[in-house]
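Worksheet: one structure, shown below.
The values are calculated or read from the model by the stated rules, or taken from the named source; none is laboratory data. Please read all numbers here as calculations on a predicted model, not as lab measurements. Please note: Cβ atoms are built from the backbone with ideal geometry, for glycine as well, and neighbour counts cover all protein chains shown. Just the protein is used for accessible areas: all its heavy atoms, side chains included, with ligands, DNA and RNA removed. Shrake-Rupley method; radii C 1.70, N 1.55, O 1.52, S 1.80 Å.
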Amino acid sequence: MPRQARLDAPGALHHIIIRGIERRKIFLDTADYEDFLDRLAKLLPETQTACYAWALLPNHAHFLFCTGKLPIATLMRRLLTGYAVSFNRSHGRVGRLFQNRYKSIVCQEDSYLTELVRYIHLNPLRAHLVHSIDELNGYVYCGHSVLMGRKKRSWQGADYVLRYFGGTVRNARKLYLIYLEDGIIRGRREDLTGGGLIRSLGGWTEVKKRREKMCDHMMSDERILGDEAFVDSMIVQAAEAFDRRYELKRRGYDLDRIAGRVADILNMKPEDVFAEGKQVMKVKARSLLCYWAVREAGMSIRSVARRLGMSSPGVGYAVERGVALSRENKFHLLE
């Protein structure tokens, strides 16, 4: 059942936490909750992201996602950007809605999946939105009600989670409920939200060095939660991605050189790669350019958007198209 996770490759388990800026509410009424869930219902299948647990609270929310064909960052950007625009329009406000970036903790599935499902689903009880397990069973803005069969959400992987507890749905729900109640006695688990191995500004490799020196005072919003072997494997993968980006930079792969490579592959002029237009070849060129610039070379979406005269969400969608185009045709940036 457990899968081999890779940072943001298909199969990676992520505990995601979003918060309102300055601890403000991100859900003001029922329409807000339903709008957010409608967006999840649309985006999760589109990105083939699995959702195993979730809880919406007035000023923050928790999710347990398993990466699908697109990175978690893509899902979250589309989800949060779209919702923030809708929220501001509905409530006559302007400005940012969410606090900084969301917190993302990549987790070792076989050790932490059930722990995180329990932790996330107990949040409405801890926040006193409900006052008993019976009330939690029917609380519609939490994945627990789906696991208990009180609410249906086709996008939630309830069957996958219940298989961890029993062979039949009825027995699994009974054992899951016992497990959940035991979590109330255990109290708040800081290690599931504030713990884990935290990535510093120096990257995961630097974190490993500091950990070996017993230095753990580092701040960031990306973490690894797992045993020694799992953490080390995540660090190696992150280091490989970093090394690749460094190599591209060393070889002089700026946006113009990447555009030149795209032009060679698609048999067009480099200046045409930058040209606006909805012709099929231009869309393919800009998609491949965005993918390689953002994912391979590590350029910011904002900087690429400025150069191409596109919006940041537009670049995001182009990256997704570029991923598919590269895989289908076996295109590679490095010759």
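Of the chymotrypsin sites (Phe, Trp or Tyr not before Pro) found in the stretch 17-58, no site is in coil according to DSSP while having at most 16 other Cβ atoms within 10 Å of its Cβ. Backbone geometry of the stretch 37-42 corresponds, through the Karplus equation with coefficients 6.51, -1.76 and 1.60 at θ = phi - 60°, to 3J(HN,Hα) couplings of 5, 4, 5, 4, 4, 8 Hz, x marking Gly and Pro.
For the stretch 124-166, the solvent-accessible area of protein heavy atoms averages 48 Å² per residue (probe radius 1.4 Å; ligands and nucleic acids excluded). Each Lys or Arg adds one and each Asp or Glu subtracts one; over the other residues with Cβ under 13 Å from the Cβ of residue 146, this totals +4.
With respect to the cross-link table entries 103/151; 69/249; 42/151; 25/174, which display a Cα-Cα separation exceeding 25 Å?
Numbers: 103/151 27 Å; 69/249 27 Å; 42/151 18 Å; 25/174 34 Å.
Table pairs above 25 Å Cα-Cα are 103/151; 69/249; 25/174.
Among the protein heavy atoms of the stretch 71-162, carbon and sulfur supply 49% of the accessible surface, probe 1.4 Å, non-protein parts ignored.
Applying the criteria of a DSSP loop state and at most 15 other Cβ atoms within 10 Å to the trypsin sites (Lys or Arg not before Pro) of the stretch 137-181 yields 150, 152, 163.
Computed 3J(HN,Hα) for the stretch 96-105, one whole-Hz value per residue from the Karplus formula 6.51 cos²θ - 1.76 cosθ + 1.60 where θ = phi - 60°, is 5, 9, 9, 7, 6, 8, 5, 8, 10, 10, glycine and proline marked x. Each part reduced to its alpha carbon centroid, the stretch 13-42 and the stretch 247-299 end up 35 Å apart. Packing around the peptides 261-274, 88-101, 70-83, taken as the average count of other Cβ atoms within 10 Å per residue, puts them in this order, highest first: 70-83, 261-274, 88-101.
By the gyration tensor of its Cα atoms, with a ≥ b ≥ c the square roots of the eigenvalues, what is the shape of the stretch 23-136: rounded for a/c under 1.5, prolate for a/b over b/c, or oblate? Walk me through the intermediate numbers first.
Values: a/c = 1.84, a/b = 1.13, b/c = 1.62.
It comes out oblate by the Cα gyration axes.
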